[in-house]
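The values are calculated or read from the model by the stated rules, or taken from the named source; none is laboratory data. Keep in mind the model is a prediction, meaning the values are calculated, not measured. Virtual Cβ from ideal backbone geometry, glycine too; neighbours counted across all protein chains shown. Just so you know, the surface numbers come from the protein's heavy atoms only, side chains and all, with ligands and any DNA or RNA stripped out. Shrake-Rupley method; radii C 1.70, N 1.55, O 1.52, S 1.80 Å.
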Amino acid sequence: LRVDRDNAILWARAVLSDPSTVIILDTETTGLDISAEIVQISLITIDGACLFDSLAKPTQPIPPEASAIHHITDLDVAQAPSFDMIYDRLKALLEGKRVVIYNAGFDIQMLRQSGRHYHLPALTIKKTCCMEMYAQFIGDWSDYFHDYRWQSLPGGDHTARGDCLATLELIKMMASTSLSSESVTLQR
């Protein structure tokens with residue numbers, strides 16, 4: 001467990017040491033199923049600067065259950081660009097970057113699904129999952145899953161930009177934690 005925690009700390013330090021190529025991404029969606037689409041997407045730098053933040057009008061109504069979580073309604077996205085209208089900008093911003101995402105599997109799937117509605121090619125993204133690294137950092141082992149338990153994003157507010165900023169703060173916290181070899185032991 002100590003080695004895994006140290007590896008998570010080293011990962012966070014590496015992320016913060018690479019400001020020219022690292023981007024943090026988050027999305028909000030119409031739901032969780034195979035037809036769900038993005039309704040909001042944000043990209044920030046590891047300095048916290050916003051590179052992109054936009055609502056996206058889906059091809060389907062936003063279910064009330066989803067709106068109850070992220071507070072984005074059909075009225076909010078009525079004048080927003082559709083995913084195909086922001087696709088080229090996203091592609092240009094993400095190209096050649098290392099993209100850090102909290103729950104990367106979900107957001108990558110939502111990018112693919114949203115693109116499929118417009119017959120767009122899948123974005124090629126070099127991703128890393130902050131949620132998996134944070135689970136490793138926390139070290140709450142699940143015998144059932146034979147892996148670390150996933151944790152909720154501390155400080156997340158269910159807006160794409162807010163969750164990007166919460167992910168950044170989490171990375172900073174992990175990076176500032178001492179490695180086991182850096183810990184000072186008190187001797188009597």
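If I ask for residues that are open to solvent by 50 Å² or more (accessible area, probe 1.4 Å), closer than 13 Å to Ala160 by Cα, β-branched (Val, Ile, Thr) and in a loop (DSSP other than H, G, I, E, B), which ones from region 41-77 would you list?
none
Output yes when any residue across region 138-156 is open to solvent by 30 Å² or more (accessible area, probe 1.4 Å), assigned to a helix (DSSP H, G or I) and either under 30 Å from Leu93 (Cβ atoms) or of a type in the set (Ser, Thr, Tyr) (or both), and no when none is.
Pass one, region 138-156, residues open to solvent by 30 Å² or more (accessible area, probe 1.4 Å): 138, 140-141, 143-147, 149-156.
Now drop any that are not assigned to a helix (DSSP H, G or I), which leaves 138.
Imposing the further condition that a residue be either under 30 Å from Leu93 (Cβ atoms) or of a type in the set (Ser, Thr, Tyr) (or both) reduces the set to none.
Within region 138-156, not a single residue is open to solvent by 30 Å² or more (accessible area, probe 1.4 Å), assigned to a helix (DSSP H, G or I) and either under 30 Å from Leu93 (Cβ atoms) or of a type in the set (Ser, Thr, Tyr) (or both).
Please work out which one of (1) in contact with a Ser or Thr (Cβ under 8 Å, 6 or more places away or on another chain); (2) surrounded by fewer than 14 Cβ atoms within 10 Å (Cβ to Cβ) is the condition Ile101 fails and give its number.
Unmet for Ile101, out of (1) in contact with a Ser or Thr (Cβ under 8 Å, 6 or more places away or on another chain); (2) surrounded by fewer than 14 Cβ atoms within 10 Å (Cβ to Cβ): (2).
Which one of Ser114, Ser42, Ser54 is more than 25 Å from Glu169 (Cβ to Cβ) and among the small types (Gly, Ala, Ser)?
Values: Ser42 fails: more than 25 Å from Glu169 (Cβ to Cβ); Ser54 fails: more than 25 Å from Glu169 (Cβ to Cβ).
None of the other options fit; the residue is Ser114.
Check region 106-122 and report whether any residue there is part of a strand (DSSP E or B) and open to solvent by 80 Å² or more (accessible area, probe 1.4 Å). Reasoning before the result, please.
At the first step, the residues of region 106-122 found to be part of a strand (DSSP E or B) are none.
No, because not a single residue in region 106-122 is part of a strand (DSSP E or B) and open to solvent by 80 Å² or more (accessible area, probe 1.4 Å).
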